[in-house]
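Report on one structure; see the data block that follows.
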Amino acid sequence: MTPSGTTWGADRGDVIGTVPSAGVPQPAWEVLLPAAGAPARGRGRALQEALREAVRTGRLGPGTRLPSSRALAADLGVSRGLVTEVYEQLTAEGYLRSDRGSGTWVGGAARSAAPGARDLAPRAPGVRVDFRSGTPDLALFPRAAWGAAQRRVLAELAHRQLGYPDPRGLPELRAALAALLARRRGVVADPERLVVCSGVAQAATLLGFVLRARGLRTVGVEDPGSPEHARLFASTGVDTVWLPVDEEGLEPGPLAASGVRAVVVTPSHQFPSGIAYSARRRAELLDWARSVDGFVLEDDYDGDFRYDRAPVGALQGLDPERVAYAGSVSKSLAPGLRLGWMLVPEVLLDEVVERKRTMDLGNPALDQAVLARFVTGGGYDRQLRRCQRAYRERRDALVAALERHFPGSSVSGIAAGLHLIAHLPARHGPTPRLLDRARAAGVALRSLEEHGTARSSDGTVRLVLGYAHLTPGEIALGVGLLAGGGQG
């Protein structure tokens, strides 16, 4: 790094101070030599960027005096006018300062930027087997079919469709999703009330902002349930209150006593317990919403994965004016696509759409068009069938491994979804000690207690085990490690 106060000769390119490079002292102006050899048309921009970078990184520190334009031009073999333009541009930007009669200096405004770009995506360093739920098998993403759909879309997409889209989403995608959801999930799907969004997370955030603007300050969430719901609503300024779930669904008594006018539920496959709300509880929930002039956000996070029973239709089909229905392709395709949807009650539609418009001006038009083609061409249905076969096999592998390594254990919530609840006998506990043993063995998992306030009353260890992203071999290995055997 050039020490502060290092000076280039005012009339020559010789440097009073030098800069170490690979351990060998070099004149500091040599950082500009590669740029001086750039093609004539881009030489000025290349010199500007080279000098900017030298200042940003600290190679030319604040207070360094630069050569005169005549001297530097001679040393670099470029015109004096070009060097003068570079100096003037960087002086205007604040990288350099120029004092009349005393030359040009490196200014003090620039600070070194952090090198490189960090990846803050969720990672599990040191983990051999990760049983945490929520991730599909990304190796099942249909690359060839998706690529083919993308090529067709690029060939056929009108130029105007690459402009700012309808904040609700492309009409062709909204129509394709409405037909798909009506057929597969039994929803009342009006394309005019379907908003394409960046997954269920954005759907919840949009709804949170709208409800808060309407004066609601608290939303109910299921106990046990997803802690993510509370975090999402907190980001909109809305508090959450845990409401207990029993074997039929959300308990009506605590719900009525809570004073909330909005709740988030997972009625088709409750997360994480795996139950499906009974018909009675569905009716009671909707009666409550009507009685308080309230709303229900239905998170259908894995509604397409049913193995041993007929699919349970969405709650929204019973009352589309009280239920906002949200889903995504995060489990069926990949979470990295950031594509989802929300069917919005008519009374909230304009406010949700306006909030979506001001939030991001709509989802990427090209990605929407590709998903529309993928759905209408049958690729989405084929993908779901492929995933169901793979995930059923993995579920069965997990159940078998638990039976082998943990005799006397039981499982629940296995008829659908991408995770199950394992109930291990009390002799394997207490839960904190088992989690410590798992961590030491390189096995990542979560207990049911981490998803709410309820605690086991009989000492049973209750684990939430995701399996969709693991091969049968990895599942067997992980359960073996959890049991202390070292191998599956």
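Numbers for the structure displayed
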quantity	calculated
Tally, over segment 230-260, of residues that are of a type outside the set (Val, Ile, Thr), buried (at least 20 other Cβ atoms within 10 Å of the Cβ) and closer than 20 Å to Trp288 by Cα	4
Count of residues meeting criterion [among the hydrophobic types (A, V, I, L, M, F, W, C) and free of Cβ contacts under 8 Å to residues at least 40 places away in the same chain] in segment 147-174	3
Segment 220-244, residues that are closer than 20 Å to Glu449 by Cβ, part of a strand (DSSP E or B) and either without any contact (Cβ under 8 Å) to a residue 40 or more places away in the chain or among the aliphatic types (A, V, I, L, M) (or both)	Val221, Thr240, Val241, Leu243
Those residues of segment 53-81 which are crowded, with 18+ Cβ neighbours inside 10 Å and in a helix (DSSP H, G or I), in sequence order	Ala54, Val55, Ser69, Ala71, Leu72, Ala73, Asp75, Leu76
Tally of residues being modelled with pLDDT of 95 or more and more than 18 Å from Thr240 (Cβ to Cβ) across segment 268-288	10
Top-ranked residue of segment 197-213 - restricted to ones that are more than 18 Å from the chain's Cα centre (by Cα) and open to solvent by 20 Å² or more (accessible area, probe 1.4 Å), ranked as nearest to Gln368 (Cα to Cα)	Phe209
Considering residues of segment 281-307 that are without any contact (Cβ under 8 Å) to a residue 40 or more places away in the chain and outside any helix (DSSP H, G or I) only, the residue surrounded by the most Cβ atoms within 10 Å (Cβ to Cβ)	Glu298
Any hit, segment 388-395, residues being more than 24 Å from the chain's Cα centre (by Cα), open to solvent by 50 Å² or more (accessible area, probe 1.4 Å) and at positive phi	no
Given (1) closer than 23 Å to His269 by Cβ; (2) open to solvent by 10 Å² or more (accessible area, probe 1.4 Å); (3) touching a strand residue (DSSP E or B) at 6+ places or on another chain (Cβ under 9 Å), number of the condition Leu318 does not satisfy	(3)
Restricting segment 250-280 to residues that are in contact with a strand residue (DSSP E or B) (Cβ under 7 Å, 6 or more places away or on another chain) and without any contact (Cβ under 8 Å) to a residue 12 or more places away in the chain, the residue that is farthest from Arg185 (Cα to Cα)	Pro254
In segment 179-196, the residues that are open to solvent by less than 50 Å² (accessible area, probe 1.4 Å) and in contact (Cβ under 8 Å) with a residue 24 or more places away in the chain	Leu180, Leu181, Arg185, Gly186, Val187, Ala189, Arg193, Leu194, Val195, Val196
Sole exception among (1) under 26 Å from the mean Cα position of the chain (by Cα); (2) open to solvent by 50 Å² or more (accessible area, probe 1.4 Å); (3) not acidic (Asp, Glu) for Gly466, by number	(2)
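The values are calculated or read from the model by the stated rules, or taken from the named source; none is laboratory data. Since we're looking at a predicted model, the values are computed, not measured. Here the Cβ is made from the backbone with ideal geometry for all residues, glycine too, and neighbour counts use every protein chain on show. In case anyone asks, the SASA skips ligands and DNA or RNA and just uses the protein heavy atoms, side chains included. Shrake-Rupley method; radii C 1.70, N 1.55, O 1.52, S 1.80 Å.
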